[in-house]
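Visitor: Following this message is one structure expressed as C-alpha cells.
Bear in mind that the values in this text are calculations on the coordinates, not laboratory data. For clarity, every value in this text was computed on a predicted model and none was experimentally measured. Here the Cβ positions follow ideal geometry from the backbone for every residue, glycine too, while neighbour counts run over all protein chains shown.
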Amino acid sequence: MIDRIAALGSKGLETLQALGRSGMFLFHALWALPNVRVNGPLLVRQIFSVGVLSLIIILVSGVFIGMVLALQGYNILTRYGSEQALGQMVALTLLRELGPVVTALLFAGRAGSALTAEIGLMKATEQLASMEMIGVDPLRRIISPRFWAGFYCLPTLAVIFSAVGVLGAYAVGVVWLGVDGGSFWSNMQNSVEWGEDVMNGVIKSLVFGIVVTWIAVFQGYDTVPTSEGISRATTRTVVYASLAVLGLDFILTAVMFGEL
Amino acid sequence: MRTRTVELAVGAFMLIGLVAIIFLALRVSGLSMQSPDETYRVYGKFENIGGLTVRAKVTMAGVTIGRVSDIYLDKEDFVGVVEMDIYDSVSNLSTDTSAAILTAGLLGEKYIGLTQGAELDNLTDGSEIYNTQSAMVLEDLIAKFLVGQVSSDDP
C-alpha cells in the first residue's frame, strides 16, 4: 500500500520534472534564433520538410472534407428548403473548427512524428553530443529552426486547408448538386466576418502550431536513446499532440465564441 | 542546385499560403477595402428592440446604408436606445425619417429599415430619429391573437 503511494508520488514528480524541463527547453530554443544569416537557410530547409512535404496530405484531405460537408449539409438543409445557406455552413465550419483542428491533427501525424524520430535518432547516434563537443549549440542549430518552421507552417497549412475545403464544397454544392452559385457566395460573405471567424481560426492554428511542435521536438530531444525509446517517443508525440489540440480547441472556442 | 529546388518549393508554399488567405479575405469573408470610418451617427429610441444586435444592418429600400453601432437602455424613459452609423454617402435623410426594426424572413436576423420623410432639413451627426416602430415580438402577437379569439367568442 505504502509502495503504491510512493510509486504514485514518484510518477507525479517525474511528470512535473518533465514539464519543467520542456519549459526550460522551449525558452532556450526560442532564445537562440536571431541570426538570420546562419539560421535563414536552416529555416528554409525545415519549412520545406515540415510544410511543403505536408502540403499534399493537407490539400487532399481539405478537398475531401469540403466535399463531404457540402454533401451532408445539402441533404439536411434541402429538407428545410434552405440549401442556399450551404456556403455559410461550410465556410463557418471550416474556418472556425475543422480547418485548424484537422490540420493540426494531420500535422501531428505527418510532421510531428517525423520531427520526433529525426531528433530522437540524432540523439541515439550521439550526433547531438558530438555537435556540443565541437562547440555548436544543438539547440541553436537543430532545434530552433524546427520550432520556427512549425510555428509558421501550421497556420499557413490551416489557411490553405480552409480555402481548398471551400472550393471543394463549391464543386460539390454548386457544380454537382445545383445550388445557386450567387447565393452560395453571397450568403457566405454575409455571415463570415474577417476578424471574428478568419482571424480567430488563424490564432487557433498558431496556438496549435506552437503546442504540436513543442511536444514533437521535446519528445525527440528527451527520448531514451534506444530504438525502443524512439518508437515510444514517436507514439507519445502523436497521442499527446492530438489530445492537446482537442483539449485546447475546446478552451479556445469557449474563449473566442462562448462569450466567456 | 538541390538547395535551389528547396528554396523554390518553400517560396511556392509561402505564395500558396498568401493566395489562400487573400481568397479567404476577399471571396469568403467579403472583406472590402473601403475604410469604415466615413460614417455619421444618429440614434433612435425604441419601445422594444426585440433581438436586434450590434453590427446589424441599417437599410433603406432594402439597400444597406449603415450598421448598428451600440444598443443600451435609457434609464429615465426605460426605452432601448439604438445608435446607428450611417455612411456619409447617404447624407440627405430628412429629420422625419422613420425607423422600424424588421426581421429577415419569419425567423431570420433583425435589422433596421429606414423610410425617408418629407422635411427639408437633413439628419446630421448626433441627431435623433423620432419616428420609430418597435420590433415585432412573436409572443406578443400570439398573445394578442389568443385574447382576440376569446373576446370574439363572447356573445
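Visitor: Using the count of nearby Cβ atoms within 10 Å as a rough guide to exposure, how do A:K123, A:K204 rank from fewest to most?
Guide: Placing the least packed residue first, the sequence is A:K123, A:K204.
Visitor: May I ask you to list the lysines whose Cα is less than 28 Å away from that of A:K123, ignoring any residue fewer than eight positions away on the same chain?
Guide: Reachable lysines: A:K11.
Visitor: Mind checking which lysines have their Cα closer than 21 Å to the Cα of B:K57? Skip sequence neighbours fewer than 8 apart in that chain.
Guide: B:K45, B:K110
Visitor: Work out, step by step, the length gained on full extension between A:V239 and A:T226: first 0.36 nm times the residue separation, then minus their alpha carbon distance; give nm to one decimal.
Guide: Extra length from A:V239 to A:T226 when fully extended: 2.7 nm.
Visitor: In the stretch A:188-207, which residues have a backbone nitrogen under 13 Å from the label point lying 7 Å from B:R41's Cα in the Cα-to-Cβ direction?
Guide: none
Visitor: Next up: Below 20 Å, Cα to Cα, which aspartates and glutamates can B:K144 reach? Residues fewer than 8 away in the same chain don't count.
Guide: B:E47, B:D153, B:D154
Visitor: Now a separate question. Work through the residues other than A:F161 whose Cβ is under 14 Å from its Cβ and net out their charges, Lys, Arg +1 and Asp, Glu -1.
Guide: Net charge around A:F161: +2.
Visitor: Over the alpha-carbon set of the protein assembly as shown, divide Rg by the Kirkwood Rh and report the Rg/Rh ratio to two decimals.
Guide: Computed over Cα atoms, the ratio is 1.12.
Visitor: Further question: Using the Cα centre as the reference, give the magnitude of the dipole from point charges on the C-beta atoms of the protein assembly as shown (Lys, Arg: +1; Asp, Glu: -1; all else neutral), rounded to the nearest 20 debye.
Guide: Value, rounded to 20: 2720 debye.
Visitor: Here's a follow-up. On a C-alpha basis, how far is the centre of the stretch B:103-147 from the centre of the stretch A:55-101 in Å? Whole number, if you could?
Guide: 36
Visitor: Of B:A100, B:N48, B:Y87, whose Cα points farthest to the positive end of the dipole of the stretch B:1-131 (charges on the beta-carbon: +1 Lys, Arg; -1 Asp, Glu; origin at the Cα centre)?
Guide: Result: B:Y87, furthest along the dipole toward the positive end.
Visitor: Follow-up question, since we're still on this one. For the stretch B:39-138, what percent of Cα pairs sit more than 24 Å apart?
Guide: For the stretch B:39-138, the fraction of Cα-Cα distances above 24 Å is 14 percent.
Visitor: Computed FRET efficiency, Cβ-Cβ of B:V6 and A:A254, R0 30 Å: what is it to the nearest 0.05?
Guide: After rounding, the FRET efficiency stands at 0.15.
Visitor: Only helical DSSP H runs with n ≥ 4 go in: add -39500 (n - 2.57) per run for chain A, normalise by residue count and round the 222 nm mean residue ellipticity to 500 deg cm²/dmol.
Guide: Computed mean residue ellipticity for chain A: -25500 deg cm²/dmol.
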